[in-house]
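Data block below; observations after.
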Amino acid sequence: MRSGSGECLELLGSWVQTQNKSIGAFSPKHEIHNYLTSQSLSCKIVDMTKKKSLLQKELQQTRPFRSPAQEAVLAVLRTADLIRRRFNRVLESHDLTLAQYNVLRILRGAGQQLPTLAIAERLIEQTPGITRMLDRLEAKKLIQRERCAEDRRQVLCELTTKGKSQVRKLDSLIERTENECLDTLAKKDQSILISLLEKVREVQF
């Protein structure tokens with residue numbers, strides 16, 4: 001398969017032969033310049049259409065995406081998955097998953113007892129297994145639960161002393177991992193990313 005630059009050279013050679021046959025000499029310099037410029041732009045366009053995006057390479061996809069919207073959505077999902085896996089690797093040595101850490105973070109941020117439903121609503125990722133997750137955290141003695149005195153149907157959750165200590169110990173590790181995930185973006189670019197993602201989320205609710 002010929003490269004874009006190879007095609008350009010062949011086109012130029014054909015043009016030169018045509019000019020030599022018709023007038024026996026080259027055209028004025030500006031004509032050659034115009035021709036080379038137009039052909040160079042054409043070759044660049046061809047090369048750009050053939051070039052695969054990073055996401056295509058990661059997904060080993062040979063066909064182009066159906067639309068920019070499709071590529072953007074898949075890029076967000078792919079990026080979120082990579083970040084999630086990175087945090088899970090970091091938290092694994094502390095016997096926690098990212099979802100479990102998220103529960104601890106929510107309870108610390110609330111600063112008070114929260115009903116199970118309120119915790120579920122605040123999760124970054126919705127999960128149908130919130131009760132089982134709370135069971136595991138309680139078994140690790142990181143949270144404690146009790147029935148609400150006013151409404152016995154509600155179960156209230158809060159951090160234990162051990163749970164508060166665990167979250168506090170993880171603060172610096174979590175912050176470092178957050179920074180590492182976006183260290184290729186300048187602060188200004190991070191702010192732009194936040195704004196763009198907010199615009200996407202606004203229409204989802």
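No lab work stands behind these numbers, since they all come straight from the coordinates. Small disclaimer: the values here were computed from a predicted structure and weren't measured. Heads up, the Cβs are rebuilt from the backbone with ideal geometry, glycines too, and the neighbour counts pull from every protein chain shown.
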Touching an Asp or Glu at 6+ places or on another chain (Cβ under 9 Å) and either among the hydrophobic types (A, V, I, L, M, F, W, C) or closer than 22 Å to V90 by Cβ (or both), is that true of K140?
yes
Here is a check on your reading of the model: is K188 touching a helix residue (DSSP H, G or I) at 6+ places or on another chain (Cβ under 9 Å) and of a type in the set (K, R)?
no
Where a residue in the range 129-147 is within 21 Å of G111 (Cβ to Cβ) and its partner, wherever it lies, is of a type in the set (S, T, N, Q) and in a strand (DSSP E or B), with Cβ under 9 Å and at least six apart
E138/Q144
Working carefully through the options L74, L96, find the one that is in a loop (DSSP other than H, G, I, E, B), of a type in the set (A, V, I, L, M) and surrounded by 11 or more Cβ atoms within 10 Å (Cβ to Cβ).
L96
Go through (1) more than 18 Å from the chain's Cα centre (by Cα); (2) within 30 Å of L77 (Cβ to Cβ) for I124 and report which single condition fails.
(1)
Restricting to the range 99-123, name every residue that is over 15 Å from T161 (Cα atoms) and either of a type in the set (D, E, K, R) or not in a helix (DSSP H, G or I) (or both).
L114, P115, E121, R122, L123
